[in-house]
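Peer 1: Structure incoming, see below.
The values are calculated or read from the model by the stated rules, or taken from the named source; none is laboratory data. Given the structure is predicted, the values throughout are model-derived calculations rather than measurements. Cβ atoms come from the backbone with ideal geometry, glycine included; neighbour counts cover every protein chain shown.
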Amino acid sequence: MRNFWEAWFIPMDPNNLLTMAWKWRHGDVSKHTGGDLAAALGRIKAKTFVTPFAGDMFFPVSDHEDEQALIPDSELRVIDSTWGHFAMFAITDRDREAIDTVIGDLLATKIAT
């Protein structure tokens, strides 16, 4: 607790957390397509790995499955972690290795020219 939670949140300006919450609530790529999420995600041309963390209560895997299905030629790569949302911090070697594998696989993907 002390080395992670307290070290992360106590020195943080509370406005940073409010700003992050505002971004989560208002970030909407469909604004660029008149509210059509399928059209917005369908415009993505880059090779995309949608990579949620299992157990993430902020961004559940089921939400990512629905959105990934709208991105052409994308792949869903769920990272299994007991840390849920906080797996992004690579707290365990297993989480770090899983994240590194997904990034490495994406970077190694051959792109047609």
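Peer 1: If you take the residues in segment 46-59 that are more than 25 Å from A108 (Cβ to Cβ) and either modelled with pLDDT of 95 or more or touching a Gly at 6+ places or on another chain (Cβ under 7 Å) (or both), which one is surrounded by the fewest Cβ atoms within 10 Å (Cβ to Cβ)?
Peer 2: Result: M57.
Peer 1: Report, by residue number, each residue of segment 1-54 that is of a type in the set (D, E) and either within 15 Å of the chain's Cα centre (by Cα) or more than 27 Å from V78 (Cβ to Cβ) (or both).
Peer 2: E6, D13, D28
Peer 1: Sticking with this structure for a sec: Would you point out the residue of segment 22-37, among those that are charged (D, E, K, R) and not in a helix (DSSP H, G or I), that is modelled with the lowest pLDDT?
Peer 2: Applying the filter and picking the extreme gives D28.
Peer 1: Do you know which residues across segment 54-113 are part of a loop (DSSP other than H, G, I, E, B) and free of Cβ contacts under 8 Å to residues at least 12 places away in the same chain?
Peer 2: The answer is P60, A69, A90, T92, K110, A112, T113.
Peer 1: Does H26 qualify as being surrounded by 11 or more Cβ atoms within 10 Å (Cβ to Cβ), of a type outside the set (G, A, S) and without any contact (Cβ under 8 Å) to a residue 60 or more places away in the chain?
Peer 2: no
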